[in-house]
1. Being under 18 Å from the mean Cα position of the chain (by Cα), assigned to a helix (DSSP H, G or I) and of a type in the set (Gly, Ala, Ser), is that true of even one residue in segment 180-198?
2. Contact list please: Cβ distance under 6 Å, first residue in segment 3-23 and free of Cβ contacts under 8 Å to residues at least 40 places away in the same chain and of a type outside the set (Asp, Glu), second residue open to solvent by 70 Å² or more (accessible area, probe 1.4 Å) and assigned to a loop (DSSP other than H, G, I, E, B), pairs at least six apart or on different chains.
3. Being within 17 Å of the chain's Cα centre (by Cα), under 10 Å from Arg113 (Cβ atoms) and of a type in the set (A, V, I, L, M) is the filter here, so list the residues in segment 36-64 that pass it.
4. From the residues in segment 176-185 that are loosely packed, with under 12 Cβ neighbours inside 10 Å and on the phi < 0 side of the Ramachandran plot, which one is modelled with the lowest pLDDT?
5. Conditions: (1) closer than 27 Å to Leu10 by Cα; (2) in contact (Cβ under 8 Å) with a residue 40 or more places away in the chain. Met97 meets all but one. Number of the miss?
6. May I ask you to verify whether Ile171 is farther than 22 Å from Phe46 by Cα and among the hydrophobic types (A, V, I, L, M, F, W, C)?
7. Restricting the search to segment 3-21, which residues are at pLDDT below 90, open to solvent by less than 50 Å² (accessible area, probe 1.4 Å) and either in contact with a strand residue (DSSP E or B) (Cβ under 8 Å, 6 or more places away or on another chain) or in a helix (DSSP H, G or I) (or both)?
8. Restricting segment 133-160 to residues that are open to solvent by less than 20 Å² (accessible area, probe 1.4 Å) and not hydrophobic (A, V, I, L, M, F, W, C), which is farthest from Ile171 (Cα to Cα)?
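The values are calculated or read from the model by the stated rules, or taken from the named source; none is laboratory data. Just so it is clear, the structure is predicted and the values come from calculations on it, not from any experiment. Every residue, glycine as well, gets a Cβ built from its backbone with ideal geometry; the counts of neighbours run over all protein chains shown. Heavy atoms of the whole protein, side chains included, go into the accessibility calculation; ligands, DNA and RNA do not. Shrake-Rupley method; radii C 1.70, N 1.55, O 1.52, S 1.80 Å.
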Amino acid sequence: GKSVSLKCLLGLLTPDEGDIEIDGESILGISEDNRDGINRKFGMLFQHAALFDSMSVLDNVTFGLLRGKGMTPAEAAKIAYDKLEQVGLDRRFGLRMPAELSGGQRKRVGLARAIALEPEIILFDEPTTALDPVMGDIINELIVKCVRNLGATTLTITHDMASARVIADRIAMLYQGKIIWAGPADQVDKSGDPRVDQFI
């Protein structure tokens, strides 16, 4: 249910029932132009960073700035280097190719790309998957820092409770396609639901 929910939010799937509202307006059945406008509000960090293999790190981070905002290459590069620095990667990384990066570095580049457009909403799909615990902690801290600096709303899909406890204000648990508990992150240990207790 987690990935399906995300795909419905992004307009890649249409839900069988119910509604999805962004800023109080339904996004189901809207025109393609309106959908493009909604999608400009989103940034996304994919599970395996989903970097373009044939493009340098700099080209990956500037991709949306050049195509979505129509910036000049020089303007986009300035923002990209600033975002790379925010996630702990210096200018030298701009020339590297994704195959030259570790898993943690790829996640950082993916995060830099997600925040480059300064979106209102950022979606994180399993941000700590395939990372060792130390790098997972670093990515969690970067997410918290970058999101606070942007003032963005975030939605994170994760099964990593250590990560959820660090990055979430609220937690919802999906079980068999339904939310069985939702509440403040610091209350998850007192959910009163044995399925939640078993999971955490």
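1. Taking segment 180-198 first, the residues under 18 Å from the mean Cα position of the chain (by Cα) are none.
No, the conditions are met nowhere in segment 180-198.
2. Lys7/Leu13
3. Met44, Leu45, Ala49, Ala50, Leu51, Val61
4. Within segment 176-185, the subset loosely packed, with under 12 Cβ neighbours inside 10 Å is 176-179, 184.
Next, from what is left, pick out any that are on the phi < 0 side of the Ramachandran plot: 178-179, 184.
On the way: Lys178: 88, Ile179: 91, Pro184: 96.
Selected residue: Lys178.
5. Among (1) closer than 27 Å to Leu10 by Cα; (2) in contact (Cβ under 8 Å) with a residue 40 or more places away in the chain, Met97 violates only (1).
6. On the way: farther than 22 Å from Phe46 by Cα: no; among the hydrophobic types (A, V, I, L, M, F, W, C): yes.
No, not satisfied.
7. Leu6, Cys8, Leu9, Leu10
8. Going through the qualifying residues, I end up with Gly136.
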